[in-house]
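Asks: Just passing along the structure, written as structure tokens.
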């Protein structure tokens, strides 16, 4: 017999694109990364968390062939951070919101683009000058997103990213 609680990370992301009077929604699951597990372990053991240990920004990245590079001219801060209790599942859910406007893209993304893209949620701080000079950051989770979906972010539009994270009890059946 062992005393082991099995938890699993569940992350859902909804990207809403408003194009004129029409709203298009893309719903996907995301993959948690080691920094998310590390932050949870720090918290649960009573160790202090710093700004570098908490989700603060979203980023849109493309695979340049040698690395995942940002498609944005500046980091996008999470404008909404909250948590709720979902009585239907018995889980607490952390929720984050960020907005990517067309004018934040540093490249044009077309429908037939074959480049791989990912949305990331990550930590960091703006630094003492408020300009993004910081010592480091940690990626917490990402999701793959198609160029076709991203091509809808056009002049005058924006993508509203709603990111949900939760730990769920894992049961073997």
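Asks: Determine whether residue 109 is within 20 Å of residue 16 (Cα to Cα) and not in a loop (DSSP other than H, G, I, E, B).
Replies: Taking the combined requirement at face value, the residue does not satisfy it.
Asks: Search the stretch 98-116 for residues that are on the phi < 0 side of the Ramachandran plot and pair each with any residue that is part of a loop (DSSP other than H, G, I, E, B) and modelled with pLDDT of 90 or more when their beta-carbon atoms are under 7 Å apart and the residues are at least 6 apart or on different chains.
Replies: Qualifying pairs under 7 Å: 98/78; 104/73; 105/71; 106/71; 106/73; 107/71.
Asks: Mind listing whichever residues of the stretch 59-93 are part of a loop (DSSP other than H, G, I, E, B) and without any contact (Cβ under 8 Å) to a residue 40 or more places away in the chain?
Replies: 64, 65, 66, 67, 73, 79, 87, 88, 90
Asks: Modelled with pLDDT of 85 or more and under 22 Å from residue 39 (Cα atoms): does that describe residue 160?
Replies: Judged against the criteria, residue 160 is not a match.
The values are calculated or read from the model by the stated rules, or taken from the named source; none is laboratory data. Predicted model only: the values in this text are computed from it and were never measured. So basically every Cβ, Gly included, is an ideal-geometry build from the backbone, and we count neighbours across all protein chains shown.
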